[in-house]
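Structure, as structure tokens:
The values are calculated or read from the model by the stated rules, or taken from the named source; none is laboratory data. Predicted, not measured: the structure shown is a model, and the values here were computed from it. No Cβ is skipped: glycine too gets one built from the backbone with ideal geometry, and neighbour counts run over all protein chains shown.
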Amino acid sequence: DGLIMSSKFRGCLLGSLLGDCLGAPFEGELAGTYVVLQKFFDKLEGPHYKAPLMQYTDDTAMTKCVAESLINQEKLDVKDLAKRFVKEYFNQPRRGYGANVVEVFAKLRATKCEDPFAPAKEQFGGSGSYGNGGAMRIAPIPLFFRGLDTKALAELARQSAEITHTNVNGYNGAILQCLAIQQSLWLNPKQPLNTGIFLEELLKKMQEFEKEDDEFMTEGEDPQPFCSKLRWVNELLARERSGGKRIKEKEDVLFRLGAGVSALTSVPTAIFCFLRAQQGPIHEINTESAFRRTLQYAISLGGDTDTIASMAGALCGAFLGYDGVSISKNLIKHCEGSEEMLNLADRLYSKSLPSDELM
Ligand code: R7I
Ligand code: MG
Ligand code: MG
Ligand code: MG
């Protein structure tokens, strides 16, 4: 149903933007008290808040580049995308970019993006960045290419990530977030989400991309780190369902999954936040909206709050759709560029290949 799918495009990109804008003020903090966040969200959702816009960061700036490139080229054109990243960065460099990725932009500019993958390969002494920058901006790819099979879609995700992130954990994080969004898109939002099945399917797919014999494996290293994290996501969700100890829940999530700037310590965490909020109420988060619960919970973990909330928001929005997010229009208006992002979602939808049928 095209109506549902276009709503899902809007929900996904809006979720990505809102998570970034709302998480940004808390980036780098320790896991916060729920009380501060509850008041922050209540205030923004209420009718009287007149404070300045919540500004978006690099996560959104780069996501917009990906969407605009797809709309203009009607395919993944990595050279065009690299040029857009460079232009965006040098127009507005103060959007909170990762400390090292800015070297890639400078080299891309100096070489006119001749080989769009070359500068990223030189990062970190040749091993490439494993930051979450490839994953944080992926949302338009699974939207635009939602009908592709796993292998073909993952290949596009990897290429889009490798403009800046050539480390295996950097691009595999982008692949994981991409496949998770695609799965969410094809689910019926009117039916409760079975988190166990969702994770089982995702794990089966990721096992294809984390092969035991990976090139630079050193002894004792986990050959399938994202798969291992996904198993922990499942285990933590199962514990919560069986009424596990509430007080320790957040500590366990941080210990097992993390909330850092690497893809490995943030993408599985974002998937967890999305699924956890679908599973039911969360202690000290007072809202009827599973969408708000997703964002508020993600931010409460501390660390890389804008990026984890953005990725969790994209997943939740792709599942529920814009018509299902039930968050106040006031809050949406307070986030910089929200109208523009919804417009971008509509344009991306109208340019994308039609193959819509809900599972
Ligand atoms: O991944 P990236 O684009 O950063 C995205 C993050 C998000 O949280 C945004 O909201 C923004 O705040 O930044 O940028 P990179 O500079 O490639 O990676 C981010 C950081 O991850 C680096 O500055 C390093 O601290 C760390 N990092 C690594 N450290 C050691 N060895 C990434 N790769 C490595 C590595 O190989
Ligand atoms: Mg950011
Ligand atoms: Mg590295
Ligand atoms: Mg961040």
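Of the residues making up the stretch 126-137, just one is within 8 Å of ligand 1 (Cβ to nearest atom) and on the phi > 0 side of the Ramachandran plot, namely Gly128. Checking the stretch 133-148 against the condition returns no match, with no residue being charged (D, E, K, R) and not in a loop (DSSP other than H, G, I, E, B).
If the condition is being in contact with a Ser or Thr (Cβ under 6 Å, 6 or more places away or on another chain) and either free of Cβ contacts under 8 Å to residues at least 24 places away in the same chain or of a type outside the set (A, V, I, L, M, F, W, C) (or both), then the stretch 1-29 contributes Ser16, Gly19, Asp20, Gly23, Glu27.
Scanning the stretch 90-138 for residues that are without any contact (Cβ under 8 Å) to a residue 60 or more places away in the chain, under 28 Å from Leu14 (Cβ atoms) and under 20 Å from the mean Cα position of the chain (by Cα) yields a total of 3.
For Gly32, are the conditions met, namely being assigned to a helix (DSSP H, G or I) and either touching a residue at least 40 places away in the same chain (Cβ under 8 Å) or more than 30 Å from Leu254 (Cβ to Cβ) (or both)?
Details: assigned to a helix (DSSP H, G or I): no; either touching a residue at least 40 places away in the same chain (Cβ under 8 Å) or more than 30 Å from Leu254 (Cβ to Cβ) (or both): yes.
So Gly32 fails the test.
I'm checking my understanding of the structure. Among residues of the stretch 117-161 that are of a type in the set (Phe, Trp, Tyr) and in contact with a Ser or Thr (Cβ under 9 Å, 6 or more places away or on another chain), which one is nearest to Ser69 (Cα to Cα)? Spell out the reasoning first.
Taking the stretch 117-161 first, the residues of a type in the set (Phe, Trp, Tyr) are 117, 124, 130, 144-145.
Checking the rest, the ones that are also in contact with a Ser or Thr (Cβ under 9 Å, 6 or more places away or on another chain) come to 117, 130, 144-145.
Details: Phe117: 17, Tyr130: 24, Phe144: 11, Phe145: 13 Å.
Among those residues, the one meeting the criterion is Phe144.
Here's a check for you: in the stretch 96-155, which residue that is within 16 Å of ligand 3 (Cβ to nearest atom) and among the acidic types (Asp, Glu) is nearest to Ala82 (Cα to Cα)? Looking at residues that are within 16 Å of ligand 3 (Cβ to nearest atom) and among the acidic types (Asp, Glu), I get Glu103. Among residues that are of a type in the set (Ser, Thr, Tyr), in contact with a helix residue (DSSP H, G or I) (Cβ under 8 Å, 6 or more places away or on another chain), at pLDDT 95 or above and not in a helix (DSSP H, G or I), Tyr49 is not included.
From Lys79, Lys39, Lys83, which residue is part of a helix (DSSP H, G or I), more than 16 Å from ligand 1 (Cβ to nearest atom), free of Cβ contacts under 8 Å to residues at least 60 places away in the same chain and surrounded by 18 or more Cβ atoms within 10 Å (Cβ to Cβ)?
Details: Lys79 fails: surrounded by 18 or more Cβ atoms within 10 Å (Cβ to Cβ); Lys39 fails: surrounded by 18 or more Cβ atoms within 10 Å (Cβ to Cβ).
On inspection, the qualifying residue turns out to be Lys83.
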